[in-house]
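The values are calculated or read from the model by the stated rules, or taken from the named source; none is laboratory data. Predicted model, so just to flag it, every value in this text is computed and none were measured. When we count neighbours, we look across all protein chains shown, and the Cβ atoms used for this are built from the backbone with ideal geometry, even at glycine.
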Amino acid sequence: MIEARGLTKRYGPTVAVDDLSFSVAPGKITGFLGPNGAGKTTTMRLILGLDRPTSGTVTVEGRPFAQVAQPMRHIGALLDAKALHGGRSAYNHLLCLAQSNNLPRVRVEEVLGLVGLTDVARKRAKGFSLGMGQRLGIAAALLGDPQILMFDEPVNGLDPEGILWIRNLMKALAAEGRTVFVSSHLMSEMENTADHLLVIGRGKLIADCTVEEFIAANSQLTVRVRTPQQDQLTKLVATAGGTVRENGDGTIVISGLEPRQVGDLAYDNSVRLHELAPAQASLEQAFMELTASSVEFHAGVPGVPGELAGLAASAGKEA
Amino acid sequence: MATTVAPAPPAGATSLPRAAGRANFAGALRCEFTKIRSVRSTYWTLFALAVACVGIGALFSWGEAAQMARLANGAAGPFRAGVGPGGPPPASVIAHIRAVRVGRAASVSLFGLLIGQLIIVVLGALTITAEYSTGMIRTSLATMPRRGTVFASKAVVFGAVALVVGLITSFLAFFAGQAILSTQHISTTLGHPGVLRSVIGGGLFLAVCGLLSFGLGALLRHTAGAIATAIGLLFVLWILGNFLPSPPSGWFGQADLDKWIPFNAGSGIWQNQINGVHPFSPWVGFGVFCGYAAVILLAGLILFRQRDA
């Protein structure tokens, strides 16, 4: 269990993390979403005590991480696969970490086997590919058999095989009852893996819910319709309380009505339908809408124009 | 994505036995020893240290012996032909020259430490700055968040390695130098007063130089900056001290100032040739030198604990 209360981190005038309060529950994969620069990595660094919060607290199993008796038994973290001395072999890298927590030496062999690096264990880490480096980082995270696993953008730059491997690993770890806290800016990735979502934008928490709730709350269910009697259906829908938007490809998108209601409406009024399809917004869309609005809200504040805000806003409009 | 063959699901994660263990200072020491012994830079720096100290000491000893030979046969010195009467000086004079040279035999053989200090500061700085330059510090502190423990274990392990290698180097340089000096009967032995202190002091001096640099590394978190600063404190200050003009009479004497220069204070324990006129006694001077290192280490520890990693 990770608990943050009013967690805030400022770097000079920049507020990286702004009054975050959340908890990460065990036995699930909690996705930590946000555009680049939203404060995900800073939050993880605060949890690990790498950075000191400007204000607020964050605890791991009820204590600040630095006071935990067996740090590696509590949290295994992979923040940056390149955060190691490249001149050291994979084996020695893991060995020194294991020794710092008095973990048995045999554990090093076990995690090397688990991530499939046994054959290159004696090679210096600087020669490792991105995927191998990522596996070494995960091996380090698993060394202490921790209750909480924290991964920062673990699939960045990985090939599909590597992505699938990490996804399966996270699911296996959560299934064992562990807390898995994983950050990403890829909504599609979270849609496939996460049970619970924490969404942040510009350092602020903007959603804390399950994946389904997130989609339901942040996107409208729409109905795509193709009909030769478009004008007539448009009027009927407006009367029934829905809104219509032209798609440009000869279809219209109706929001505010269930697909069943649209079908009944057409049947009752003898409107011919050539196509009727419910369109569930994806997590990607929901995320774009959410962060775009948070960005619009912030963009008006003088003195904080925010390059990222602009990027996110334009990305939101395109979507 | 569905078409790619995924590796076997990591079912192993479930089958691993529960790991045991508790983080403490002993574990941190083992961790740091593994770190220092598992990178090549350690071996290169320590090898260079030994070669420089023993090699330069041997070179100076050879020069001392060669000059002694020339003095003894009248080819050099005030007795040489054209200046003095020519021919070898009287036996009493030769005995006096030998006595003087026996008195500085330990210093001559250890002269390489003047350069050795510049090498050990590289390893001292790297011990902590390499953590920052490689990013390892984030992994180190994420697995062992008690920073005081991390800092202290690093300092202890590096200090112990530097002391052991420094002592070995110092003794090697001493024995190599004495072997060369003995050809002209101007060598000394560990039994002479102050000689054993000099040789052990050489190892101590190197270790403290390294620790001072380690402290600078913690303060600056930058390899080149820490090494440059360490060399400035240990070497450049000493050179400047030798070249600065004497203050006007009536002011405090220059020697009073010179003795506080780190090298002058710290090196009295292993040599008696290149200090100011009124140096500290060997152990007091070394105490002052340790004081400098302690202040820098303490400042490094405070910042290491406070700063974001």
| query | When you go through (1) closer than 25 Å to B:ARG197 by Cα; (2) loosely packed, with under 14 Cβ neighbours inside 10 Å one by one for B:GLY82, which number turns out not to apply? | reply | (1)
| Restricting attention to the range A:194-234, which residues are free of Cβ contacts under 8 Å to residues at least 24 places away in the same chain and either in contact with a Phe, Trp or Tyr (Cβ under 8 Å, 6 or more places away or on another chain) or not aliphatic (A, V, I, L, M) (or both)? | A:CYS209, A:THR210, A:GLU212, A:GLU213, A:GLN230, A:ASP231, A:THR234
| A:VAL120 of a type outside the set (Phe, Trp, Tyr), within 11 Å of chain B (Cβ to nearest Cβ) and more than 28 Å from A:SER23 (Cβ to Cβ) | no
| field | Matching helices (runs of 4 or more DSSP H) fully within the range B:1-117 where at least 3 residues are at pLDDT 80 or above and within 14 Å of chain A (Cβ to nearest Cβ) | value | B:25-37, B:40-72
| note | Checked pairs for the range B:215-244, first within 12 Å of B:ILE128 (Cα to Cα), second aromatic (Phe, Trp, Tyr), C-beta under 8 Å and 6 or more apart or across chains, list as B:ALA218/B:PHE151; B:ALA218/B:PHE304; B:ARG221/B:TYR132; B:HIS222/B:TYR132
| task | Within the range A:85-101, count every residue that is assigned to a loop (DSSP other than H, G, I, E, B), of a type outside the set (S, T, N, Q) and buried (at least 21 other Cβ atoms within 10 Å of the Cβ). | result | 2
| Looking at the range B:77-90, is at least one residue touching a residue at least 40 places away in the same chain (Cβ under 8 Å), among the small types (Gly, Ala, Ser) and farther than 13 Å from B:GLN184 by Cβ? | no
| field | Complete set of residues in the range A:16-32 that are assigned to a strand (DSSP E or B) and either among the basic types (Lys, Arg) or out of contact with any Ser or Thr (no Cβ under 7 Å at 6 or more places or on another chain) (or both) | value | A:SER21, A:PHE22, A:SER23, A:THR30
| said: I need a count of the residues in the range A:50-78 that are facing chain B (nearest Cβ under 7 Å), within 17 Å of A:GLN147 (Cα to Cα) and crowded, with 20+ Cβ neighbours inside 10 Å. | reply: 5
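Let's see how each residue does on (1) within 13 Å of the chain's Cα centre (by Cα); (2) away from every other protein chain (no Cβ under 14 Å):
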residue: A:PRO146; (1), (2): no, no
residue: A:GLU161; (1), (2): no, no
residue: A:ILE166; (1), (2): no, no
residue: A:THR210; (1), (2): yes, yes
residue: A:ARG224; (1), (2): no, yes
residue: A:ASN247; (1), (2): no, yes
| request: Go through the residues of the range A:25-34 one by one and say whether even a single one is surrounded by fewer than 18 Cβ atoms within 10 Å (Cβ to Cβ), among the hydrophobic types (A, V, I, L, M, F, W, C) and under 17 Å from the mean Cα position of the chain (by Cα). | output: yes
| Does A:PRO104 fit the bill of being more than 8 Å from chain B (Cβ to nearest Cβ) and either under 20 Å from B:SER140 (Cα atoms) or in a loop (DSSP other than H, G, I, E, B) (or both)? | no
| A:ARG122 passes all but one of (1) in the same structural domain as A:ASP18 (by TED's automatic domain parsing); (2) assigned to a loop (DSSP other than H, G, I, E, B); (3) surrounded by fewer than 17 Cβ atoms within 10 Å (Cβ to Cβ); (4) touching a residue at least 24 places away in the same chain (Cβ under 8 Å); which number fails? | (1)
| said: Condition check: touching a Gly at 6+ places or on another chain (Cβ under 8 Å) and closer than 14 Å to A:ALA277 by Cα. Does A:ARG260 satisfy that? | reply: no
| In the range A:189-265, which strands (runs of 3 or more DSSP E) lie fully inside it and hold 1 or more residues that are assigned by TED's automatic domain parsing to the domain that holds A:ASN156, of a type in the set (A, V, I, L, M) and surrounded by fewer than 16 Cβ atoms within 10 Å (Cβ to Cβ)? | none
| For the range B:66-76, how many residues meet the condition of being within 14 Å of B:GLN184 (Cβ to Cβ) and in contact (Cβ under 8 Å) with a residue 12 or more places away in the chain? | 5
| Out of the range A:33-53, which residues are hydrophobic (A, V, I, L, M, F, W, C), modelled with pLDDT of 95 or more and touching a helix residue (DSSP H, G or I) at 6+ places or on another chain (Cβ under 8 Å)? | A:ILE47, A:LEU48, A:LEU50
